[in-house]
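The structure under discussion appears below in the form of structure tokens.
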Amino acid sequence: METWIERETIYKGRIVTLESGRVRLANGVEAPREVLRHPGAVAVAPLVGDEIVFVEQYRVAIEQSTLEIPAGKLEGDEDPVARGLTELREETGLIAKELIPAGVIYPSCGILDEKMYIYLALDMTQGAQDLDGDEDVKVVRLS
């Protein structure tokens, strides 16, 4: 276990907060730490027949396009199922009748406290995409 012995907020943005400080390890050794605080996210793996539906989008952090399952950031104490259904519909146009919990992950827990809820989407109908103004995604289906 590590215990903070000093900690300060270095940056507070609209999505993440950066904290920096020192911790004391169980063996008494002190070590520096930097942690990004994030409100959490939800990701949905939609299955349509024998295909998984992905979204392709450019990610400036890695300066390349990626294939991802539809996902989005949680706001406050928002229900992950509700956010997952919304993100799925907005990004792909798919409307799921059922989301099955597939687990929770911490994508990069060495530096980030983001908790991501993962769901499997089944029994869907096709609607229209409804992207946010700052989104540019392409729907890709792979068997």
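The values are calculated or read from the model by the stated rules, or taken from the named source; none is laboratory data. What you see is a predicted model; the values in this text were computed from it and never measured. As a convention, Cβ positions derive from the backbone with ideal geometry for all residues, glycine included, and neighbour counts pool all protein chains shown. These accessible areas exclude ligands, DNA and RNA; they are computed on the full protein's heavy atoms, side chains included. Shrake-Rupley method; radii C 1.70, N 1.55, O 1.52, S 1.80 Å.
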By residue number, the members of the stretch 62-112 that are in contact with a helix residue (DSSP H, G or I) (Cβ under 8 Å, 6 or more places away or on another chain) and over 23 Å from Val35 (Cβ atoms) are Pro70, Leu94, Ile95, Ala96, Leu99
When (1) touching a Gly at 6+ places or on another chain (Cβ under 6 Å); (2) open to solvent by 70 Å² or more (accessible area, probe 1.4 Å); (3) under 14 Å from Phe54 (Cα atoms) are applied to Tyr119, the one that fails is (2)
Restricting the stretch 13-30 to residues that are surrounded by 11 or more Cβ atoms within 10 Å (Cβ to Cβ) and of a type outside the set (Val, Ile, Thr), the one nearest to Leu142 (Cα to Cα) turns out to be Leu18
Residue hits (the stretch 10-34; under 16 Å from Asp113 (Cα atoms) and small (Gly, Ala, Ser)) are Gly13, Ser20, Gly21
Does Glu2 satisfy the criteria of being among the charged types (D, E, K, R), in contact (Cβ under 8 Å) with a residue 24 or more places away in the chain and open to solvent by 70 Å² or more (accessible area, probe 1.4 Å)?
yes
- Task: Could you please let me know if Ala71 is open to solvent by less than 50 Å² (accessible area, probe 1.4 Å), within 15 Å of the chain's Cα centre (by Cα) and closer than 25 Å to Lys12 by Cβ?
- Result: yes
For strands (runs of 3 or more DSSP E) lying entirely in the stretch 1-101, having 2 or more residues that are of a type in the set (Val, Ile, Thr) picks out 3-12, 17-24, 41-48, 51-59
Picked from the stretch 127-141 (must be charged (D, E, K, R) and assigned to a strand (DSSP E or B)), the residue least open to solvent (accessible area, probe 1.4 Å) is Arg141
